[in-house]
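Colleague: If you scroll down you'll find the structure; I have some questions about it.
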């Protein structure tokens with residue numbers, strides 16, 4: 001990519017952490033077709049990357065993400081809109097489906113599909129100055145797809161208030177509602193994320209993968225079916241080498257040594 005055309009997404013990997021950095025600050029990091037496709041490609045690579053333990057979604061500039069690129073949405077056909085919204089939904093679901101935990105680093109405004117992106121991540125840390133909104137109703141285009149992860153992250157009436165009024169909420173309010181996990185001073189944003197990274201990286205990658213997949217799968221289940229699925233996953237997990245190592249380490253009062261084993265240690 002030439003200096004005149006920087007990549008719309010910066011991908012940085014170090015120490016088990018992959019950072020996906022939205023890089024359209026001049027467009028308020030709007031989710032253009034190009035950026036969505038690039039995010040999808042990055043997700044496809046990450047899904048098979050055993051070296052990537054955690055994913056951080058961040059952004060350049062003062063805005064985290066302003067949602068869809070409205071400049072690309074004028075006068076399109078129904079089929080073109082359908083393809084765009086399907087691609088965006090696939091990307092949002094893609095973060096749920098990644099084996100790695102995904103943390104949103106929200107340094108500024110997150111609106112519409114940008115708010116959707118925050119809600120779609122597993123964890124989120126925001127600067128005190130960040131704001132969140134689903135303002136589509138103000139331009140005649142209800143934030144229907146952003147609504148999907150939003151209402152799974154915050155109480156229904158709070159989600160409806162955001163959707164019906166389009167008014168932004170503060171980072172503190174987003175924290176109170178459960179949209180984000182922590183709100184910190186801007187200069188402590190990376191430190192707060194680092195605390196999550198340290199905790200996740202200290203655990204077994206295999207166990208994290210099993211747990212994340214089971215978490216989202218059981219959300220859509222009736223309670224009894226959720227228990228059945230959880231029992232099966234815990235059984236699969238318990239016979240794994242890492243679980244046996246973790247139990248032995250706890251009983252032996254030592255640090256565990258994770259090997260990522262999925263097979264029965266007695267086999």
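Colleague: Within the range 131-153, track down each residue that is crowded, with 22+ Cβ neighbours inside 10 Å, out of contact with any strand residue (DSSP E or B) (no Cβ under 8 Å at 6 or more places or on another chain) and part of a loop (DSSP other than H, G, I, E, B).
Modeller: Listed by number, the list holds a single entry, 143.
Here's the yes/no breakdown for (1) closer than 29 Å to residue 195 by Cβ; (2) in contact with a strand residue (DSSP E or B) (Cβ under 7 Å, 6 or more places away or on another chain); (3) assigned to a helix (DSSP H, G or I):
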{"position": "61", "(1), (2), (3)": "yes, no, no"}
{"position": "64", "(1), (2), (3)": "yes, yes, no"}
{"position": "71", "(1), (2), (3)": "no, no, yes"}
{"position": "86", "(1), (2), (3)": "no, no, yes"}
{"position": "92", "(1), (2), (3)": "yes, no, yes"}
{"position": "95", "(1), (2), (3)": "yes, yes, yes"}
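Colleague: Let me ask something else about it. Which numbered condition in (1) in contact with a helix residue (DSSP H, G or I) (Cβ under 8 Å, 6 or more places away or on another chain); (2) modelled with pLDDT of 95 or more is the only one that residue 259 fails?
Modeller: (2)
Colleague: Let me ask another. Considering only the range 45-59, state which residues are touching a residue at least 40 places away in the same chain (Cβ under 8 Å) and outside any loop (DSSP other than H, G, I, E, B).
Modeller: Residues satisfying the conditions are 46, 54, 55, 56, 57, 58, 59.
Colleague: Taking the condition of being surrounded by 21 or more Cβ atoms within 10 Å (Cβ to Cβ) and under 27 Å from residue 194 (Cβ atoms), how many residues in the range 110-130 meet it?
Modeller: Residues flagged as surrounded by 21 or more Cβ atoms within 10 Å (Cβ to Cβ) and under 27 Å from residue 194 (Cβ atoms) within the range 110-130 amount to 14.
Colleague: Additional query: Here are the criteria: (1) within 11 Å of the chain's Cα centre (by Cα); (2) more than 28 Å from residue 204 (Cα to Cα). Tell me which single one residue 96 does not satisfy.
Modeller: The one condition residue 96 does not meet is (2).
Colleague: Something else now. Among the residues of the range 202-217, is any in contact (Cβ under 8 Å) with a residue 12 or more places away in the chain, more than 29 Å from residue 160 (Cβ to Cβ) and in contact with a strand residue (DSSP E or B) (Cβ under 8 Å, 6 or more places away or on another chain)?
Modeller: No - not one qualifying residue is present in the range 202-217.
Colleague: Quick test for you: out of 158, 171, pick the one residue that is surrounded by 16 or more Cβ atoms within 10 Å (Cβ to Cβ), in contact (Cβ under 8 Å) with a residue 60 or more places away in the chain and in the same structural domain as residue 53 (by TED's automatic domain parsing).
Modeller: Every option except 171 fails the conditions.
Colleague: Okay, next question. Taking the range 218-254, which residues are touching a helix residue (DSSP H, G or I) at 6+ places or on another chain (Cβ under 6 Å) and closer than 26 Å to residue 17 by Cα?
Modeller: Result: 233, 237, 242, 243.
The values are calculated or read from the model by the stated rules, or taken from the named source; none is laboratory data. Note that the structure is a prediction, hence the values are computed from the model and not measured. Here Cβ is always computed from backbone atoms with ideal geometry, including for glycine, and neighbour counts include all displayed protein chains.
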